[in-house]
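This report concerns only the one structure given below.
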Amino acid sequence: MNIAFLGLGHMGLPMARNLAAAGHVVLGFDVAAPAREAARAAGLDVVDDAAGAVADADVVLTMFATGGQVIDAYRGSGVGPGLLEAAPTGILFVDCSTIAVDEARTAHALAKAAGHRSVDAPVSGGVVGAENASLAFMVGGAAADVEAARPLLETMGARVVHCGGPGLGQAAKVCNNMILAASQIVVAEAFVLAERLGLSHQALFDVASHASGQCWALTTNCPVPGPVPTSPANRDFAPGFAGALMDKDLGLAEKAVELTGVDARMGMLARAVYREFVDGGGGTRDFSGIIDSVRAQSDDVRSRPA
Ligand code: NAD
């Protein structure tokens with residue numbers, strides 16, 4: 001299959017390499033010259049213009065940072081034709097960027113109006129998942145289009161879930177990450193509370209990891225060193241999943257909450273907590289580093305007047 005892969009950043013480059021390694025003809029493009037150079041150095045065929053990348057494509061994959069970039073690239077933003085116009089008629093567009101649900105629906109509508117098929121297919125699993133082809137894809141779009149995309153997604157990942165119609169892959173991503181943010185904060189709070197009560201980290205872990213407090217934020221991303229040796233807490237919170245990315249995803253959750261009017265006060269509190277974390281310099285740390293903020297902001301009861 002001829003695949004155009006646009007957006008060769010942290011995620012896109014290893015994903016594109018996995019497609020090429022599986023025998024597809026992959027032509028890459030990135031607006032940033034250093035990203036194009038890095039991709040060439042990594043052995044990928046890369047061209048210097050977007051239209052050239054998509055001219056003979058059967059499938060166009062995009063992995064950009066924002067929804068604005070996806071919509072601008074699809075539509076064209078003044079300099080040259082957009083991807084939808086430059087591509088052969090009736091091909092499949094697969095957008096793997098994490099963007100807002102309404103932006104994803106706009107991208108689908110633009111693709112449809114131009115006579116193409118499209119799916120939104122955001123991922124979880126991070127750079128390591130992209131490198132190891134173990135990503136999880138959450139996919140939105142018509143069933144036939146999702147099935148057409150599935151073999152490629154399975155080449156880049158370990159799990160592909162069809163979540164429903166256009167935009168619902170992004171909806172699943174936003175809902176999942178809102179759960180994750182809130183649970184990571186409360187797990188951190190529980191460990192700090194345990195410290196103050198004289199309960200050891202290991203004892204809390206041994207109980208909660210086999211009780212109703214069990215969750216990923218505890219058993220995989222445990223925010224204290226020791227109980228889970230692979231968690232970022234054991235390496236001074238080197239990501240993992242950076243606070244800045246969690247903050248971005250919670251911004252998308254906030255947009256979705258505003259759009260739907262849902263009373264998501266826990267999720268929106270988590271949004272505010274991570275905003276503060278990033279403003280305080282946590283953007284490049286793993287988001288489980290929130291435990292340091294919990295400690296820093298907890299009262300020192302010893303200094304309270306009797
Ligand atoms: P990145 O910033 O490293 O890469 C994005 C690339 O897209 C950049 O190189 C940029 O120059 C390029 N780009 C932007 N507009 C373009 C255009 N019109 N044409 C061609 N290239 C263009 O970002 P990333 O870390 O690779 O993340 C990509 C997406 O995946 C984001 O939406 C992010 O939220 C999501 N995501 C990232 C991770 C992670 O751990 N990095 C995990 C899950 C999901």
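The values are calculated or read from the model by the stated rules, or taken from the named source; none is laboratory data. Predicted, not measured: the structure shown is a model, and the values here were computed from it. Backbone-built Cβ (ideal geometry, glycine too); neighbour counts: all protein chains shown.
Annotations for the structure displayed:
- Condition check for D56: over 25 Å from G164 (Cβ atoms) and modelled with pLDDT of 95 or more: yes
- Some residue of the stretch 180-196 being crowded, with 20+ Cβ neighbours inside 10 Å and charged (D, E, K, R): no
- All of (1) part of a helix (DSSP H, G or I); (2) loosely packed, with under 15 Cβ neighbours inside 10 Å; (3) in contact with a Phe, Trp or Tyr (Cβ under 9 Å, 6 or more places away or on another chain); (4) not basic (K, R) hold for D48 with one exception: (1).
- Residue pairs whose Cβ atoms lie under 9 Å apart, sitting 6 or more positions apart in sequence or on different chains, and linking a residue in the stretch 256-285 that is in the same structural domain as G243 (by TED's automatic domain parsing) to a partner that is outside any helix (DSSP H, G or I) and acidic (D, E), are V257/D263; R285/D236.
- Those helices (runs of 4 or more DSSP H) of the stretch 61-172 in which at least 2 residues are away from the ligand (no atom under 16 Å from the Cβ), considering only elements entirely within it, cover 101-113, 143-156.
- Cβ pairs under 6 Å, 6+ apart, first in the stretch 113-126 and closer than 11 Å to L84 by Cβ, second surrounded by fewer than 18 Cβ atoms within 10 Å (Cβ to Cβ): G115/T89; G115/G90
- Restricting the stretch 248-286 to residues that are within 16 Å of the ligand (Cβ to nearest atom) and not in a helix (DSSP H, G or I), the residue that is farthest from A233 (Cα to Cα) is R285.
- For the stretch 1-45, the set of residues classified as surrounded by fewer than 22 Cβ atoms within 10 Å (Cβ to Cβ) and in a loop (DSSP other than H, G, I, E, B) consists of M1, G9, H10, A22, G23, H24, V31, A32, A42, G43, L44, listed by residue number.
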